[in-house]
1. For region 12-36, enumerate the residues that are assigned to a helix (DSSP H, G or I), over 22 Å from Thr93 (Cβ atoms) and touching a residue at least 24 places away in the same chain (Cβ under 8 Å).
2. So is Glu146 at pLDDT 95 or above and either outside any strand (DSSP E or B) or surrounded by fewer than 19 Cβ atoms within 10 Å (Cβ to Cβ) (or both) or not?
3. When the residues of region 85-113 are filtered to those that are surrounded by 14 or more Cβ atoms within 10 Å (Cβ to Cβ) and of a type in the set (Ser, Thr, Tyr), which remaining residue is farthest from Thr64 (Cα to Cα)?
4. When you check Val139 against the structure, is it aliphatic (A, V, I, L, M) and loosely packed, with under 15 Cβ neighbours inside 10 Å, yes or no?
5. Quick one: what pairs do we get from region 60-72, first residue within 17 Å of Asp135 (Cα to Cα) and at pLDDT 95 or above, second hydroxyl-bearing (Ser, Thr, Tyr) and within 9 Å of the ligand (Cβ to nearest atom), C-beta under 8 Å, 6+ apart or different chains?
6. Quickly run through region 109-132 and pick out the residues that are within 14 Å of the ligand (Cβ to nearest atom) and either of a type in the set (Lys, Arg) or in contact with a helix residue (DSSP H, G or I) (Cβ under 8 Å, 6 or more places away or on another chain) (or both).
7. Return the only residue of Arg84, Arg59 being in contact with a strand residue (DSSP E or B) (Cβ under 8 Å, 6 or more places away or on another chain) and among the charged types (D, E, K, R).
Amino acid sequence: MNSFKETTLTELNLNPFNKIGKEWMLITAGSEEDFNTMTASWGGLGVLWRKDVAYTVIRPCRYTYEFTEKNDYFSLCFFSEEYRNALTLCGRTSGRDCDKIKEAGLTPVFIDGVPCFEEASLVLICKKLYSQPMDEKFVHDNAVSECYGEGEDYHTLYVGEIVKALTK
Ligand SMILES: Cc1cc2nc3c(=O)[nH]c(=O)nc-3n(C[C@H](O)[C@H](O)[C@H](O)COP(=O)(O)O)c2cc1C
């Protein structure tokens, strides 16, 4: 059981620059038996291949990457400001090292088998359509020096079709 109700994307009144870039989100993937989450502030919402999509970028060193690679779905969860500390925790610690979901005080729920969190104010369930490791073809001159430093742990891009949107 959860307290969400389904909505349509056209009914959502959100600004992705605030919602993702400023408020942040949790990307969560896995099964009821094993899943992980991490905070993200890069990504987008839009339309591609005639579908409503979300895109996210995840560095392969993240534990969450293992779950987005292995599973067909991931969720994007958005929260009100009172969960800022929880999102900070999920962006600074790894699920490899601790039970950060418990420490953050978040309650996992599964929607059509996809992990997300009861405390979220908005959940987007996404079906992976495309994934692509980024390579050296950066057109933005400073992306590598500004965002990656020495390592070549470039993000993997995931484009997911938004198959369900849930609010409270
Ligand atoms: C505000 C914020 C935004 C972040 N955005 C991203 C992102 O878009 N992509 C990414 O790979 N990591 C991002 N991170 C870093 C991961 O959330 C962080 O490395 C996390 O500890 C990974 O957890 P995991 O190892 O359990 O997957 C962000 C961290 C913070 C605090």
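The values are calculated or read from the model by the stated rules, or taken from the named source; none is laboratory data. Computed from a predicted structure; not experimentally measured. For neighbour counting, all protein chains shown are included, and Cβ atoms are generated from backbone atoms with ideal geometry for every residue, glycine included.
1. Pro16, Lys19
2. When the stated conditions are applied, Glu146 does not pass them.
3. Filtering region 85-113 for residues that are surrounded by 14 or more Cβ atoms within 10 Å (Cβ to Cβ) and of a type in the set (Ser, Thr, Tyr), the one farthest from Thr64 (Cα to Cα) comes out as Thr93.
4. Yes: the conditions hold for Val139.
5. Sorted first by the residue in region 60-72, then by its partner, the pairs are Pro60/Thr156; Tyr65/Thr156.
6. Result: Ser131, single match.
7. Step by step, each of Arg84, Arg59 is checked, and only Arg59 is in contact with a strand residue (DSSP E or B) (Cβ under 8 Å, 6 or more places away or on another chain) and among the charged types (D, E, K, R).
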